[in-house]
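Trainee: For reference, the structure I am asking about is given below.
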Amino acid sequence: MGAYDTPKEECPYCGNECQADFVDNGIGMVQCGPYHCFSCGASEIGPEMQFEDLTDEDGHYAGQGELMNKDDFTEKEIKVGWYEPSRKKVSPYANTVNGTLVNHKQAKAAYNFGLLDEKDI
């Protein structure tokens, strides 16, 4: 895979190919939104899944610990890192209009018209 290719992602619930927004940062492509399955509605969980940071005795980062907000997710969501389609949720960090996920081009147009959902994050 080259620097300007975007990785394919398979939906963990229905197996169909999913899409995410990527931007060109000058040396390659960087993912800038969650993967989303337009077939079943599953959406990748983002940084809202909060893990405890482990540190060593010198205070240096030593890895990822326990999930701190387990009650916000189902067991399946914790296992696969995606919201279950039946919950109809998308990451609160994703670009949305009236709660519906939109790509970066749609988000820009919605923003210009004052329609992009505001985020309280």
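Trainee: Just the residues that are touching a residue at least 12 places away in the same chain (Cβ under 8 Å), among the small types (Gly, Ala, Ser) and part of a loop (DSSP other than H, G, I, E, B), please, taken from the range 3-59.
Mentor: Within the range 3-59, ALA3, ALA20, GLY28, GLY33, SER39, GLY41, ALA42, GLY46 meet the criteria.
Trainee: Another one. Looking at the range 94-110, is at least one residue modelled with pLDDT under 95 and hydroxyl-bearing (Ser, Thr, Tyr)?
Mentor: Checking the range 94-110: at least one residue is modelled with pLDDT under 95 and hydroxyl-bearing (Ser, Thr, Tyr).
Trainee: Considering the range 94-121 alone, what residues qualify as being without any contact (Cβ under 8 Å) to a residue 60 or more places away in the chain, closer than 13 Å to CYS32 by Cβ and within 18 Å of the chain's Cα centre (by Cα)? Outline the logic, then answer.
Mentor: Start the filter on the range 94-121 by keeping residues that are without any contact (Cβ under 8 Å) to a residue 60 or more places away in the chain, which leaves 96-100, 102, 105-121.
Checking the rest, the ones that are also closer than 13 Å to CYS32 by Cβ come to 102, 105, 107-108.
The answer is VAL102, LYS105, ALA107.
Trainee: Another question about this same structure. Every residue in the range 30-61 that is open to solvent by 60 Å² or more (accessible area, probe 1.4 Å) and in contact with a Ser or Thr (Cβ under 7 Å, 6 or more places away or on another chain), please. Break it down into steps so the answer makes sense when it comes.
Mentor: Of the residues in the range 30-61, the ones open to solvent by 60 Å² or more (accessible area, probe 1.4 Å) are 30-32, 38-39, 47, 50-58, 60-61.
Scanning the range 30-61 gives a single hit, TYR61.
Trainee: Please work out if GLY63 is part of a strand (DSSP E or B) and on the phi > 0 side of the Ramachandran plot.
Mentor: Details: part of a strand (DSSP E or B): yes; on the phi > 0 side of the Ramachandran plot: yes.
So GLY63 fits the description; yes.
Trainee: While we're on this one: Go through the range 67-93 residue by residue and tally those that are under 22 Å from CYS14 (Cα atoms) and either under 15 Å from the mean Cα position of the chain (by Cα) or open to solvent by 60 Å² or more (accessible area, probe 1.4 Å) (or both).
Mentor: Taking the range 67-93 first, the residues under 22 Å from CYS14 (Cα atoms) are 73-91.
Still in the list and also either under 15 Å from the mean Cα position of the chain (by Cα) or open to solvent by 60 Å² or more (accessible area, probe 1.4 Å) (or both): 73, 75-91.
The number of residues fulfilling the criteria is 18.
The values are calculated or read from the model by the stated rules, or taken from the named source; none is laboratory data. The structure displayed is predicted, hence computed values, not measured ones. Glycine also receives a Cβ, built like all others from the backbone with ideal geometry; neighbour counts cover every protein chain displayed. When the accessible area is computed, the model is the full protein with side chains, heavy atoms only, and any ligands, DNA or RNA have been set aside. Shrake-Rupley method; radii C 1.70, N 1.55, O 1.52, S 1.80 Å.
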